[in-house]
1. Compute the signed sum of charges (Lys and Arg +1, Asp and Glu -1) over the other residues within less than 15 Å, Cβ to Cβ, of residue 62.
2. If I take R0 = 25 Å and measure r between the Cβ atoms of residue 114 and residue 248 in this structure, what FRET efficiency does the formula 1/(1 + (r/R0)^6) give, to the nearest 0.05?
3. Report the extension gain between residue 76 and residue 296 in nm, rounded to one decimal, defined as 0.36 nm multiplied by the number of residues separating them, less their alpha carbon distance.
4. Hey, any idea what Rg/Rh is for the range 321-462, computing Rh the Kirkwood way over Cα pairs?
5. With N residues in the range 65-219, what two-decimal value do you get for its Cα radius of gyration over 2.2 N^0.38 Å?
6. Which percent of the accessible heavy-atom area of the chain goes to carbon and sulfur, probe 1.4 angstrom?
7. Give the Rg (one decimal place) followed by the Dmax (whole number) of the range 178-295, computed from C-alpha coordinates and expressed in Å.
8. Please list, by residue number, every one of the trypsin sites (Lys or Arg not before Pro) in the range 318-409 that is coil in DSSP and has at most 11 other beta-carbon atoms within 10 Å.
Amino acid sequence: MNATGWSRGLEVTGGGTGIVSHAGLVLLRQLADRTGLTAGLSAALPSPLAGHDRGRVFSDLACAIADGARVISDFRVMGDQRELLGPVASVPTAWRVLKETAGGGDRRRRKVTAAVNTARRHAWAQGIARHGGLPPVRVADRNLEGVTCVRLDATVVTAHSDKEGAEPNFKGYGHHPIIAACDNVSEPLAWMLRPGSAGSNTAADHLLLLGEAVAALPPALRRRLMITCDGAGASHALIKELDRLASRHGYQVTYSVGWELGARERAAVGKVPGAGWEAAIDGKGQVRERRADDACPDPYCPHRTCWIEEAHVTELTGLLREGPAGDQLKGWPQTMRVFARRERPHPGAQLSLFEAADGWRYSLWVTNLPATTRGWRGQCAYIDAAHRVHARVEDVIRTGKNTGLGHFPSRDYKINQAWLDASMTACILLSWLKLLALDGDLARAEPKTLRYRVLHAAARLVRGGRRRTLKIAATWPWAEAITTAWQRIQAIQHPT
């Protein structure tokens, strides 16, 4: 067999017609239209008398970013598909739309946000109808049904040139945006571009973002909320606001917020007896443990001496509220409970002197989940698991950095803010695509996989009978998934 014979008789020429290289873009563009996003953006962004509709251009820019555009010049991916998509704005026009959006200030940004939120209500209504409800929140091996989970976290976007607002921070040099995401569907709800020097626990930023995130949810899904934040974003003002939200009549709001390991907490941890620590569980709901170095040869043996528990959980509320020193949590909500987790440190972990003394690494968090909560949700191990999965918001940020968030194209701060709005809209469109039109592995796929399998699929555009038909290659493994997705998106009724 000739390993290099594949190219024998092959010629490469130009001049092909009817070829579409990014055929899957029609799914995102039609999804933006069917959900009312494009129309809402058109109403929010004023257009010139003679020129491209600004809402159409902004929507197309979000589609291009979802397709993999990293800089404004990559917007050509839309214009290059003119035979399929029709008249598309040029790269200079797309840049002009960003400048006009930035020039409109906060008032125009609020209109854009309102358009996205209105479209989200329609999109989620279709998703709930398709799946029978909003996807549940995954907690270890259990599903938390009927709860909408909002997770807040900040990230650093490195800048490799001198841009307005790019400043030194704890991870280098750049900007320090903050994002709120819905964990049920891994979708951004609210976001804020901040200078690089912005603090991790700036209470005003977190309160503003929290309010915007809750407002972004459809009203029917605001009644039962779970709100989480890591220790870097914790503050007295944030917990006070979360307690206020939880105290409203007719609402059920559970929060889980990281907590500092201070002197009073170290003293409380030192008083916990060995039997007071419960075994923690992993993502499969099983005890977090490993084989001992001197274990017997049978890897499935039940001998307790052959297994070492890797993590434990305990509650410190009683020791801090009713210990010998009295109530050490005065000024904090009475409903607030304090928990601690200890785990064996991974190689290279930096430990405090307190942690190095006993060889455990400690993490603390607070929650208002009632002590009377029954079933699995009220168990210490699952209370811990529900807080640890806050890390899933980092997946939203990571995929967001692969969808426009990882690179700001301008030196101007406000233009970069408009770019962030377009990038988050791109992430939202990808979330809707999975919620409304895809199944199986594609419904769980990250942007890179979606681009390869769906968005960048090649097709031939065929005309006949006053119709245009986009034919995906029959040998493409995901051709049927793409055609099914198109049919589902076509079936979405325009919002009234």
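1. +1
2. Computed FRET efficiency for residue 114 and residue 248: 0.60.
3. 72.9 nm
4. For the range 321-462, the value is 1.13.
5. Working: Rg = 18.5 Å, N = 155, 2.2 N^0.38 = 15.0 Å.
Normalised Rg, Cα atoms only: 1.24.
6. Answer for the chain: carbon and sulfur cover 52 percent of the accessible area.
7. In Å, with Rg to one decimal and Dmax whole: 18.4, 57.
8. 330, 374
The values are calculated or read from the model by the stated rules, or taken from the named source; none is laboratory data. Predicted, not measured: the structure shown is a model, and the values here were computed from it. Every residue, glycine among them, receives a Cβ derived from its backbone with ideal geometry; neighbour counts consider all protein chains shown. What goes into the accessible areas is simple: the full protein's heavy atoms, side chains included, and nothing from ligands, DNA or RNA. Shrake-Rupley method; radii C 1.70, N 1.55, O 1.52, S 1.80 Å.
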